[in-house]
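The values are calculated or read from the model by the stated rules, or taken from the named source; none is laboratory data. Since this is a predicted model, take the numbers as computed values, not measurements. Reconstructed Cβ throughout: ideal geometry from the backbone, glycine too, with neighbour counts over all protein chains shown.
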Amino acid sequence: MENTNNKKINLTQTVLFTVASILVLDSFVAPSIIGVSSITLWIFMAIVFFIPYGLLSAELGATYPDDGGIVSWVNRAFGEFPSVLVGWMYWINVAFWMPAVFTAFSGWLNLGVFPEMSMVVQAVIAVIMCWVVVFIGVRGIEESVLVSNIMAVLKMAILLIFGILGVVYAIRFGANHDFSTLKNWIPSWDNTLIYGAVIVYNLMGFELISAIGSKIKNPKRTIPLMTIIAGAAITFFYAFGTFGVLVALPAGEIDTLDGFVYALHELCSVFGSGQTVIFTILILASIITLVANMITWALGANESFMAADLDKRSKLLGHRHKKFGTADNLYYIMGIVSTILIILNYALSGDANDIFWTIFSFASIVFLANYLFMFPAALKLKYTDDTPRAYSVPGGKFGMWVAVILCFFFVALAIYFLIDWDFSSYPFWMQLIGTIITVFTGWLLYKAGKKKSVG
């Protein structure tokens, strides 16, 4: 097989890839609903979750720099079935998440630039963007990394401008939240639990680059440094972006889905008659960055899934492109699944639309469940595997225990708040049945590999 992707990925590229995968513009606004204390909550969650998660991921990535990332680590710790299940759940989440991202893509385009855009056009654009991701992904890892790097720089520039506009807006017109009162900076216990869980979801992705660990230049040094640099940058931009939202919008007007668009439009009022032009430029740039999330996660999910010995389980799923060496069929199937879900969302309304978002919430639960395997895997490998560690979580085994407990707790908490606990409602049963079907499918893939091994 000819594989054109032999060039190693350097530190700068890994940092930007990780920033592109974790830093998102379409969902970071939600915690702003609780006001100024949301900035404190971002910083708090960075300390008690993001840092431990990053340190833990850095040790795993630096110690085991082979392809597959999370799948490889779980396999080393717990064996074949859990690793196959994790690879499958990691992948199916992205297949279900991509329609939601590009639904937001079309929605923002409609809301911010083309208010007369029909639902049909929005659907077509969303489908086209899914296949743009597929096209870029199939053409090779280098192309995916390059595009994600460019988008990461654009994301950071947008959030930097967003925050600076917040400062200018506050000076000229006053802020829509009171930043001068100390009590406003202190989150309540309930808000810490609920919106802390939301923040956790927005901070996942440190391990993603390790899905292509063999392509990283000097991973034993690069991955720990990447974790520090990317972690600091992501925390800063999330907090600074939240500041911009709070300056622009009063609490009662913050929309969890489209709040970024409304806040950006309001902040651009500092340009006076130039508001519309500047807003249009910035919102178009913001919309384009949504592509980066899907490029990075599609690459990471596909390569992780392939690491579960997918070629011995299914010739269809485990196929690689003859020229580019990429998991081409996984990309194509991801595009088909996303297209079907987008059509479901736009062609129907009411209950069908609710079903679409229920599927997305179910996919989020399945996605976070992967980490309930990854964190214990890190702890087990600390005790059972004597591979030399170029980097370790500070504090030795005790430090690892602390990191695993904190990470496991907050991810479990996030899953708890994603579940609809109304047993009489269809979302609960869709989530439950969907999870059962997902696990059963993972088991079937595992058994398929076993049968071929025996044969």
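Every condition in (1) out of contact with any Phe, Trp or Tyr (no Cβ under 7 Å at 6 or more places or on another chain); (2) farther than 26 Å from A308 by Cα is met by T63 except one, and the failing one is (2).
Is it true that some residue in the range 129-140 is assigned to a helix (DSSP H, G or I), among the hydrophobic types (A, V, I, L, M, F, W, C), out of contact with any strand residue (DSSP E or B) (no Cβ under 9 Å at 6 or more places or on another chain) and free of Cβ contacts under 8 Å to residues at least 40 places away in the same chain? Can you show your working first?
Filtering the range 129-140 for residues assigned to a helix (DSSP H, G or I) gives 129-138.
Now restrict to residues that are among the hydrophobic types (A, V, I, L, M, F, W, C): 129-136, 138.
Of the ones still in play, those that are also out of contact with any strand residue (DSSP E or B) (no Cβ under 9 Å at 6 or more places or on another chain) are 129-136, 138.
Among the residues that remain, those that are also free of Cβ contacts under 8 Å to residues at least 40 places away in the same chain are: 135.
Within the range 129-140 (the criterion being assigned to a helix (DSSP H, G or I), among the hydrophobic types (A, V, I, L, M, F, W, C), out of contact with any strand residue (DSSP E or B) (no Cβ under 9 Å at 6 or more places or on another chain) and free of Cβ contacts under 8 Å to residues at least 40 places away in the same chain), the answer is yes, since at least one residue qualifies.
The residue that is farthest from the chain's Cα centre (by Cα), counting only those in the range 395-442 that are small (G, A, S) and part of a helix (DSSP H, G or I), is G396.
Residues in the range 340-359 that are surrounded by fewer than 19 Cβ atoms within 10 Å (Cβ to Cβ) and either at pLDDT 75 or above or of a type outside the set (A, V, I, L, M, F, W, C) (or both): 9 in all. Scan the range 298-306 and tell me whether some residue there is touching a Leu at 6+ places or on another chain (Cβ under 8 Å), in a loop (DSSP other than H, G, I, E, B) and aliphatic (A, V, I, L, M). So far as the range 298-306 goes, no, none of its residues is touching a Leu at 6+ places or on another chain (Cβ under 8 Å), in a loop (DSSP other than H, G, I, E, B) and aliphatic (A, V, I, L, M).
All conditions but one from (1) touching a residue at least 12 places away in the same chain (Cβ under 8 Å); (2) over 30 Å from F279 (Cα atoms); (3) assigned to a helix (DSSP H, G or I) apply to P187; the one that does not is (3).
Just one of the listed residues (F362, F367) is buried (at least 16 other Cβ atoms within 10 Å of the Cβ) and modelled with pLDDT under 90, and it is F362. Residues that are in contact with a Phe, Trp or Tyr (Cβ under 8 Å, 6 or more places away or on another chain), of a type outside the set (V, I, T) and surrounded by 15 or more Cβ atoms within 10 Å (Cβ to Cβ) within the range 419-444 comprise D420, F428, M430, Q431, G434, G442, listed in sequence order.
Taking the condition of being assigned to a helix (DSSP H, G or I) and within 17 Å of R139 (Cα to Cα), how many residues in the range 307-330 meet it? Total satisfying the criteria: 3. Kindly check whether there is at least one residue in the range 284-295 that is modelled with pLDDT under 95, buried (at least 16 other Cβ atoms within 10 Å of the Cβ) and assigned to a loop (DSSP other than H, G, I, E, B). No: the range 284-295 contains no residue that is modelled with pLDDT under 95, buried (at least 16 other Cβ atoms within 10 Å of the Cβ) and assigned to a loop (DSSP other than H, G, I, E, B). If only residues of the range 302-328 that are at pLDDT 90 or above and of a type in the set (S, T, N, Q) are counted, the one that is surrounded by the fewest Cβ atoms within 10 Å (Cβ to Cβ) is T326.
Within the range 217-245, residues that are more than 27 Å from S269 (Cα to Cα) sit with their Cβ atoms under 6 Å from residues that are among the aromatic types (F, W, Y) and surrounded by fewer than 24 Cβ atoms within 10 Å (Cβ to Cβ), at 6+ positions apart or across chains, in these pairs: P224/Y391. Applying the condition of being among the aliphatic types (A, V, I, L, M) and within 17 Å of the chain's Cα centre (by Cα) to the range 233-251 and asking which residue is nearest to A20 (Cα to Cα) yields I234. Checking the stated criteria, Y201 turns out to be assigned to a helix (DSSP H, G or I), farther than 17 Å from I158 by Cα, modelled with pLDDT under 95 and among the aromatic types (F, W, Y). Scan the range 358-394 for residues that are part of a loop (DSSP other than H, G, I, E, B) and of a type in the set (G, A, S) and the total you get is 2. Checked against the criteria, A263 counts as under 17 Å from V36 (Cβ atoms) and more than 20 Å from the chain's Cα centre (by Cα).
Among the criteria (1) under 27 Å from L16 (Cβ atoms); (2) surrounded by fewer than 23 Cβ atoms within 10 Å (Cβ to Cβ); (3) at pLDDT 90 or above; (4) of a type outside the set (A, V, I, L, M, F, W, C), the one P376 does not fulfil is (1). Could you please find all residues in the range 114-123 being touching a Phe, Trp or Tyr at 6+ places or on another chain (Cβ under 9 Å) and either surrounded by fewer than 19 Cβ atoms within 10 Å (Cβ to Cβ) or over 17 Å from L257 (Cβ atoms) (or both)? Passing the criteria: M119, V120, V121, A123. Among helices (runs of 4 or more DSSP H) entirely within the range 1-106, having at least 3 residues that are buried (at least 24 other Cβ atoms within 10 Å of the Cβ), more than 16 Å from the chain's Cα centre (by Cα) and touching a residue at least 40 places away in the same chain (Cβ under 8 Å) singles out 37-45, 51-63, 70-78. Among the candidates V147, V134, V121, the residue that is modelled with pLDDT of 95 or more and either among the hydrophobic types (A, V, I, L, M, F, W, C) or over 21 Å from S286 (Cβ atoms) (or both) is uniquely V134. Summed over the range 379-409, residues that are closer than 23 Å to G300 by Cα and at pLDDT below 95 total 1. None of F236, F206, F271 is in a helix (DSSP H, G or I), under 30 Å from A58 (Cα atoms) and not basic (K, R) except F236.
As for the range 214-223, it holds no residue that is surrounded by fewer than 21 Cβ atoms within 10 Å (Cβ to Cβ) and of a type in the set (A, V, I, L, M).
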